[in-house]
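Single-structure report; data block below.
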Amino acid sequence: MKSKIKLKHVLLVEDNLLNQKFALAVLKMNGYTADVAENGKIGLEKYKNNEYDLILMDIQMPIMDGIECTKEIRKIESENNWERIQIIAVTAFAMPGDEQKFLEAGLDNYLAKPYKGPDLISIIQDVNH
Ligand code: MN
């Protein structure tokens, strides 16, 4: 049984090294632990084999993008009757219509890049109740 008492452990799915480093530093400074996956395929494997409280999902990635990865996660959840994990898109790729596409894929919210540290923490805390 997954506990939702305190949101702590994050899966960061992001292909860009600098973006990874920035997000990890912000998370660590605010008391979160995180694993990194550099594309959606690796993210999907980590999701299946670990317990996370939240996923931060880049959209544009090689091999498997964030939309496809999110759809796969939602499929696995419903097939296994697993608890629905919160997935936040973190992306520079946000144009009119994208928000609808994100929601349809099963993403819960999105944060536009570039962002400041407090913006990331604020959006994480929004889903933590
Ligand atoms: Mn990317």
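What follows draws every value from the coordinates through simple rules; no lab data is involved. Since the structure is predicted, the reported quantities are computational estimates derived from the model, not experimental observations.
When only alpha carbons are used to place a centre, the range 15-38 and the range 56-129 end up 15 Å from one another. Sequence-ordered 3J(HN,Hα) estimates for the range 21-32 from the Karplus curve with 6.51, -1.76 and 1.60 and θ = phi - 60° stand at 4, 5, 4, 4, 5, 5, 4, 4, 4, 9, x, 9 Hz, glycine and proline given as x.
In this structure the amide hydrogen of Leu107, modeled in the peptide plane, comes within under 5 Å of no amide hydrogen from residues 5 or more places off or on another chain.
A simple rule links phi to the HN-Hα coupling: the Karplus curve 6.51 cos²θ - 1.76 cosθ + 1.60 with θ = phi - 60°, which for the range 14-20 gives 7, 8, 8, 4, 5, 5, 4 Hz, with x for Gly and Pro.
The phi-based Karplus calculation (6.51 cos²θ - 1.76 cosθ + 1.60; θ = phi - 60°) puts the 3J(HN,Hα) values of the range 109-116 at 6, 8, 10, 7, 8, x, 10, 9 Hz, whole numbers, x for Gly and Pro. Close amide H contacts of Val90 (hydrogens built in the peptide plane, cut-off under 5 Å, sequence separation of 5 or more or a different chain): Met57, Asp58, Ile59, Leu111.
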